[in-house]
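Chemist: Below is a structure I'd like to ask you about.
What follows draws every value from the coordinates through simple rules; no lab data is involved. Nothing here was measured: the structure is a model prediction, and the numbers come from that model. Using ideal geometry, Cβ is built from the backbone for each residue, glycine included, and neighbour counts are taken over all protein chains shown.
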Amino acid sequence: MGNLFTMPSAADGAAETLSSMDDFDFSLLIAAVAAAKTQHEEMESAFKELVEAVEREEHNRRRRKEAHGTGDGYNKRPTFPSWAEIRDETTAAIFRKKYRMTKPQFTQLCSKINTAVGDKDFRPDATNKSDSYLSGEMRVAIGLRMLCGGSYIDYVGRAYGVNSVRTVYNCFDKLIDWLEATFEFPLIHLLQQLKAGNEEAVKKLKEMSDDFAVDSTGCFIGCIGAIDGIAIRIKCPSNVADPGNYFCRKNFYAINVQAICDKQKRFTWLSFHQGSAHDSFAWSQTKLSDLLEEIEPILKKYGFYFVGDSAYPLCVYLLVPYDDADAASQNDAFNFWLSNSRIRIECAFGELIMRFGIFWRSLRFRSLDKCNRVIRAAALLHNFLIDSREDQLDYYYFKNLSTNDVIAAEASMLSPNDGDDDDDDDFTFPLVVDNNEPKPCGRKSTATLTREEEGGILRDHLCVTLYSEGMYRRLTHRMKTNALGNVYCE
């Protein structure tokens, strides 16, 4: 047994060793040889499989290299069109209809987002997750189309390089994040700077006031914003204790959006509330309302105020129309010029809704926070489009609005539902409406009566100034109407 596994030095030695073995030792030797042979065959088979795997991987690597090129990092894939190809192949008119902006505006938007979020987020390495293969411009384009009312079905496939529905919604969510990170509403910051005595804030607010006062040749001076509320329809919320609080008087679930805009229809402040809330109650629950009460003496010093409709409480920093003003009276003149400024928020709402088709149907997101963020992002993008506006096509569009446009919009609202639409009454009620209703009854507090008295003094002063300067309600012959009978002034 001692030399059983010893390799013989020569054939004679091996023969001598074998001849000296008994039957037991010889059986062990035969078993060891058989085991070694089996192990050798297994190793040879594993080696062949390894060689085949290496050759197969090398073949696949060469194919990928030929398809993707040899570049590294952010690199387009020839199997899918790049954003530059899609942009260049789209005419200027179609591009504007699809994305609600011109090609230069789109480039400017992407540049601002890239600056705000950085290259790491806007242009991630192509070796990351699947949705990271899409360039920042492509993700902005897909998100914009969703915001403009497009369907996720349109983007799955080779046209945009999107492989799944989840990727489309990831692009949409990413655009919402980027817009919130890139832009902001300026009003709160301006008022806080005003409270701190910042002269630049005073200068900016005076510029806003002068802008509103242009139409009245400087007589209706001091207005720094127009406020109103709008009800945007949503699905019945499932993540709140009492969904009934979001059921508005128009008989659908909605979010009451309180907003303020400047003369150019840029939104300067937004706030979100339950759909059943009256405008006056929603306004009283905002932090802006508390801030304005705190800095009321400063606003009174500079003569700054906002304008709203009769749903809001009268005070020194928020003026509303006179009730039951007689025609051609001083009060009527004041009401006309107040409405001339207040109508800006109505127009801002109209442009927002007409521009972004996502609001042409109920917002179908599961969480109210997601609905609020989508509305906020759309308003921020609306501001960007106004600031970067290159022409007056928007003005002429609304000026030339005809009944055919309204009929076409109604027809699209009445079209059959798609497969995943479980809300069969989309077209029963208006999707986006004003939230005006009579002011709720109740006994006013002493503080409220005092604020109304001070606001009445400022309102009477402006009323007398307007009337003494001959700023009456404009005559009919100075107005024009579009095909719907809506009045506008040249």
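Chemist: Would you kindly derive the ³J(HN,Hα) couplings of segment 95-105 from the backbone phi angles with the Karplus curve 6.51 cos²θ - 1.76 cosθ + 1.60 (θ = phi - 60°), listing them in order in whole Hz, with x for Gly and Pro?
Modeler: So the J values, rounded to whole Hz, are 4, 5, 5, 6, 10, 6, 7, 7, 4, x, 5.
Chemist: Next up: Given the pairs K206/K263; K204/K300; K195/K301; K206/K300; K203/K263; K98/K235, which are separated by over 22 angstrom at their Cα positions?
Modeler: Pairs exceeding 22 Å: K98/K235.
Chemist: Can I ask one more? Between D387 and K120, what is the label-point separation in nm under the 7 Å Cα-to-beta-carbon projection?
Modeler: 2.5
Chemist: What percent of all Cα-Cα pairs in segment 145-287 falls in each 5 Å bin, counting up from 0?
Modeler: Pair shares across the bins are 2, 8, 12, 12, 15, 15, 13, 10, 7, 4, 2, 0.
Chemist: What is the spin-label model distance, in nm, from R366 to S45 if the labels are put 7 Å beyond Cα along the C-beta direction?
Modeler: That separation, rounded to one decimal, is 4.9 nm.
Chemist: Could you check the spin-label model distance between E58 and Y169? Points 7 Å from the Cα along Cα→Cβ, value in nm.
Modeler: 4.5
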